[in-house]
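Undergrad: Starting off with a structure, shown below.
What follows is calculated from the coordinates using simple rules that are stated; it is not laboratory data. Predicted, not measured: the structure shown is a model, and the values here were computed from it. Glycine gets a Cβ as well: all are built from the backbone with ideal geometry, and neighbour counts include every protein chain shown.
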Amino acid sequence: MAAILLARMRHMNRMKEIGWVGTGIMGASMARRILQAGYGLAVYSRTRARAEDLLRDGAVWCETPREVARRSDCVFSIVGYPADVEEVVLGEEGTLAGARDRIAAGEVAPVLVDMTTSRPTLAREIAQVAARQGISSLDAPVSGGDVGAREGTLAIMVGGERDVFERLLPLFGVMGKHIRWMGPAGAGQHTKAINQTLIASTMIGTVEGLLYAERAGLDLEEVIRVVGSGAASSWSVNNLGLRIASGDMAPGFLIRHFVKDLGIALDEAQRLGLALPGLALARQFYQAALAEGLADAGTQALYRVFQRLNSPPGESP
């Protein structure tokens with residue numbers, strides 16, 4: 001056991017080749033920061049076109065997550081849904097299989113870090129399966145949207161073995177500014193569920209407040225400047241509120257993914273015996289956004305739902 005731990009420590013200290021699975025709105029920017037920090041980068045995404053910019057800048061394309069893991073000292077994944085996490089980590093061509101390949105070849109297995117917002121139970125399952133095979137894994141969901149991903153200011157909430165977390169801090173530091181170890185496997189995902197619960201109700205207040213301002217004939221940007229500097233200040237009003245004011249509904253975070261996140265939080269709340277009616281109500285409004293065809297809009301497009309709710313019959317918002 002001591003020999004294994006020593007090998008892991010040496011492996012952590014010489015990490016140079018990083019693997020990345022998932023190059024969506026946030027994943028592509030996070031991977032770019034790893035590349036710009038001087039690490040080698042092996043990339044896989046279901047849609048290769050989304051990785052083309054990274055490939056032009058020196059990243060290496062892989063045909064499967066398994067191939068990514070074979071080439072890497074540490075593998076990060078950030079995909080859409082828990083089912084995607086299961087496929088890219090636990091699947092036949094997943095990163096766990098690639099980690100086993102490295103072990104079979106006499107090499108040290110990569111650390112597997114899933115940054116998707118997913119189920120705590122799945123994070124624990126991955127950690128247990130990986131540990132039985134001598135492989136370390138962390139769940140490390142993030143918050144901060146597309147801006148935080150580009151600027152490297154994300155909040156990163158991590159579950160798993162603390163010593164593994166501490167050795168990966170240099171890598172996390174490339175992507176985030178507020179990085180915390182939250183506890184054993186699954187703790188990062190629980191923390192992200194709390195994060196999304198807070199954001200859900202805050203966004204209701206943001207869109208209602210700005211709709212009030214619009215109806216009262218006020219300048220939305222001026223309203224945000226003053227209320228966003230007082231007790232009502234929040235990331236949502238100061239960032240997404242300004243996007244609403246300018247009519248920008250482009251995604252920093254997709255509504256369909258947010259609905260998924262709120263569903264995970266509600267399922268966990270039920271498992272814990274909690275009644276969270278505010279969260280349930282917020283999810284209903286976001287479900288209405290899906291029904292209005294806003295699945296691929298940013299979460300600030302909830303404003304459109306409230307505009308329609310307050311429009312006279314037959315009149316478009």
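Undergrad: Once both axes come from the Cα atoms, what is the angle between helix 27-36 and the longest principal axis of the chain, in degrees from 0 to 90, rounded to 10?
TA: 50 degrees
Undergrad: In addition: So how tilted is helix 255-271 from the main axis of the chain? Cα-based, degrees 0 to 90, rounded to 10.
TA: Long axis of 255-271 versus the principal axis of the chain: about 80 degrees.
Undergrad: In terms of Cα to Cα distance under 17 Å, which lysines are near enough to K260, apart from those fewer than 8 places away along the same chain?
TA: K260 reaches K192.
Undergrad: In percent, what relative contact order does region 225-290 have, based on Cα pairs under 8 Å that are 6 or more apart in sequence? All intermediate terms of the calculation are to be shown ahead of the outcome.
TA: Details: 21 pairs, mean separation 17.7, N = 66.
Answer for region 225-290 is 27 percent.
Undergrad: As an exercise, identify the GluC sites (Glu not before Pro) in region 263-317 lying in DSSP coil whose Cβ has no more than 15 other Cβ atoms within 10 Å.
TA: Details: sites: E268, E292, E315; in loops: E292, E315.
Loop-located and lightly packed - E292, E315.
Undergrad: Counting other C-beta atoms within 10 Å, which of C62, C74 has the fewest, and how do the rest follow?
TA: By the 10 Å Cβ count, ascending: C62, C74.
Undergrad: In terms of Cα to Cα distance under 15 Å, which aspartates and glutamates are near enough to K16, apart from those fewer than 8 places away along the same chain?
TA: By straight Cα distance, K16 reaches D73, E107.
Undergrad: Just report the Cα centroid separation between region 218-285 and region 72-107, whole Å.
TA: Cα centres, region 218-285 to region 72-107: 32 Å.
Undergrad: Kindly express, to the nearest 10 degrees and within the range 0 to 90, the angle between helix 187-215's C-alpha long axis and the longest C-alpha principal axis of the chain.
TA: The angle comes out at about 20 degrees.
Undergrad: Among V79, V237, V227, which comes first, second and so on when ranked by fewest other beta-carbon atoms within 10 Å?
TA: Values: V79 25, V237 22, V227 18.
In order of increasing Cβ crowding within 10 Å: V227, V237, V79.
Undergrad: To continue, here is another question. E166 versus E208, label points 7 Å from Cα toward the beta carbon: distance in nm?
TA: 4.6 nm
Undergrad: Expressed as a whole percent, how much of the Cα-Cα distance distribution for region 54-153 exceeds 24 Å? Don't jump to the answer; show the numbers that get you there.
TA: Working: 1143 of 4950 pairs.
When every Cα pair of region 54-153 is considered, 23 percent fall beyond 24 Å.
Undergrad: So what J values fall out for region 148-163 if you push phi through Karplus, 6.51 cos²θ - 1.76 cosθ + 1.60 with θ = phi - 60°, rounded to Hz, Gly and Pro as x?
TA: So the J values, rounded to whole Hz, are x, 5, 5, 8, x, 10, 4, 8, 10, 10, 10, x, x, 5, 5, 5.
Undergrad: Going by how many other beta carbons lie within 10 Å of each one, how would you line up I255, I78, fewest first? Present the calculation step by step, with values, prior to reporting the outcome.
TA: Numbers: I255 24, I78 28.
Sorted ascending by nearby Cβ count, the order is I255, I78.
Undergrad: Where both partners of a DSSP beta bridge lie in the chain, what percent of those bridges are antiparallel, to the nearest 5?
TA: Values: 5 of 29 bridges.
Within the chain, antiparallel bridges account for around 15 percent of the total.
Undergrad: Tell me whether region 2-184 comes out rounded, prolate or oblate; compute the Cα gyration tensor, take square roots of the eigenvalues as a ≥ b ≥ c, and use a/c under 1.5 as the rounded threshold. Provide the component values of the computation, followed by the final result.
TA: Details: a/c = 1.31, a/b = 1.18, b/c = 1.11.
It is rounded, given that a/c, with a ≥ b ≥ c, falls under 1.5.
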